[in-house]
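Just below is one structure, and these are the notes that go with it.
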Amino acid sequence: MAGVVRLEPVDERNLEPLLSVAVAEAEPDDVMPPVDAPAGWSHARREAFRDYYRTGFAGFDGPARTRMYAVLVGGEVMGMIRMTRCPAPGTVETGLWLGRSARGQGVGVAALRELLNLAAAAGMRTVVAKTTRKNAGALSVLGRCGAALVEDGDTVRAEISLDATPPAL
């Protein structure tokens, strides 16, 4: 991995760099909810991206109940990780995406470990995630961070207890 991985709350200052990485190195459906817009990174999709990420500016107290963080490597925005409050007390759901150039280098594991620290500092006890059996990258990151993985058809549910000792890197 080239550089230190750190998380920075998504705000107006890093929103455009985040969008630039998404446009250059990811597909729209990988980085935001589906929208009714022309395929690819159309103007409408770029605006929807901005609108979606702005919903996280208010954090847990906002309507999205989500904290979003830009993933920085050596000071450069490379993706995003989030945590969203779940109905179960002390539980948040996480999601992560990285630009293609940052994948497979340990960035996802480092980002998730930082998020686990932030979740614990916020009083959370459990972090959950959902992915598919085909998403080898996500499964690897979750497993390396101590997640218990439960398959249900094509879906995999991950659960990380913040009370447990994390596995060594």
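If you go through segment 57-71 and keep only what is within 20 Å of ALA138 (Cβ to Cβ) and either without any contact (Cβ under 8 Å) to a residue 60 or more places away in the chain or out of contact with any Pro (no Cβ under 7 Å at 6 or more places or on another chain) (or both), you end up with THR66, ARG67, MET68, ALA70, VAL71. For segment 2-57, give me each residue that is part of a loop (DSSP other than H, G, I, E, B), open to solvent by 40 Å² or more (accessible area, probe 1.4 Å), out of contact with any helix residue (DSSP H, G or I) (no Cβ under 6 Å at 6 or more places or on another chain) and among the aliphatic types (A, V, I, L, M). If the condition is that a residue be part of a loop (DSSP other than H, G, I, E, B), open to solvent by 40 Å² or more (accessible area, probe 1.4 Å), out of contact with any helix residue (DSSP H, G or I) (no Cβ under 6 Å at 6 or more places or on another chain) and among the aliphatic types (A, V, I, L, M), then ALA2, VAL4, ALA39 are the ones that fit.
Taking GLY106, is it open to solvent by less than 80 Å² (accessible area, probe 1.4 Å), at positive phi and touching a residue at least 40 places away in the same chain (Cβ under 8 Å)?
Details: open to solvent by less than 80 Å² (accessible area, probe 1.4 Å): yes; at positive phi: yes; touching a residue at least 40 places away in the same chain (Cβ under 8 Å): yes.
Yes, satisfied.
Select, from LYS130, LYS134, the only residue that is open to solvent by 60 Å² or more (accessible area, probe 1.4 Å), closer than 18 Å to MET80 by Cβ and not in a helix (DSSP H, G or I).
Working: LYS134 fails: closer than 18 Å to MET80 by Cβ.
After ruling out the rest, the residue left standing is LYS130.
Flag not set for ALA88, criterion: part of a helix (DSSP H, G or I), under 26 Å from ARG157 (Cα atoms) and touching a residue at least 24 places away in the same chain (Cβ under 8 Å).
What do you reckon, is LEU96 in a helix (DSSP H, G or I) and under 18 Å from ASP11 (Cα atoms)? It is false that LEU96 is in a helix (DSSP H, G or I) and under 18 Å from ASP11 (Cα atoms). Remark: pairs (first residue in segment 116-143, farther than 19 Å from GLY90 by Cβ; second residue of a type in the set (Ser, Thr, Tyr); Cβ separation under 6 Å; 6+ apart in sequence or on different chains) = ALA138/THR131.
The values are calculated or read from the model by the stated rules, or taken from the named source; none is laboratory data. Bear in mind that the values here come from a model prediction, so they are computed numbers and not experimental data. Glycine also receives a Cβ, built like all others from the backbone with ideal geometry; neighbour counts cover every protein chain displayed. Protein only, heavy atoms only, side chains kept; ligands, DNA and RNA dropped before computing areas. Shrake-Rupley method; radii C 1.70, N 1.55, O 1.52, S 1.80 Å.
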